[in-house]
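The block underneath contains the structure these notes are about, expressed in structure tokens.
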Amino acid sequence: MAHELLAKSDHQLGICLRMLYAEGIRGPLPAHSAKNEKGKMEFLVTVPVDDAQFEVLERRYQTLIG
């Protein structure tokens, strides 16, 4: 199952990719960008992990960007 992590800036995208690499999840990882309702770029990184592992990654990512 695949899940997505949202990066709201290129800085957050870098943090996300470094975290995934450190966790042993190496690319290529599908990612796409889109403009949000305010016209700013956002990036969605698709992570091919199960629900339990994604929950751990999501918590760690939120801590790193918070």
Helix-only [θ]222 nm of the chain, DSSP H runs n ≥ 4, -39500 (n - 2.57) each, per residue, nearest 500
-13500 deg cm²/dmol
Which value, in debye to the nearest 20, gives the size of the charge dipole of the chain about its Cα centre, when Lys and Arg are +1 and Asp and Glu are -1 at the Cβ?
320 debye
Scoring the chain by relative contact order with C-alpha pairs under 8 Å, at least six apart, yields a percentage of 45 percent
Which of these, GLU37, GLU23, GLU55, has the largest mean-square fluctuation under a Gaussian network model of the chain (Cα springs below 10 Å)?
GLU37
Per the charge dipole of the chain (beta-carbon charges, Lys/Arg positive, Asp/Glu negative, Cα centre), the residue among PRO30, SER9, VAL49 reaching farthest to the positive end is SER9
Ratio of the Cα radius of gyration of the chain to 2.2 N^0.38 Å, where N counts its residues
1.06
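Quick check for you: with a 1.4 Å probe and neighbouring chains kept, what is the accessible area per residue of the chain, in Å²?
It amounts to 68 Å² per residue over the chain.
The values are calculated or read from the model by the stated rules, or taken from the named source; none is laboratory data. All figures in this text were calculated on a predicted structure; none of them were measured in a lab. All Cβ positions, even for glycine, are placed from backbone atoms using ideal geometry, and neighbour counts span all protein chains on display. The protein model used for the area step is the full one, side chains on, heavy atoms only, and it has no ligands, DNA or RNA in it. Shrake-Rupley method; radii C 1.70, N 1.55, O 1.52, S 1.80 Å.
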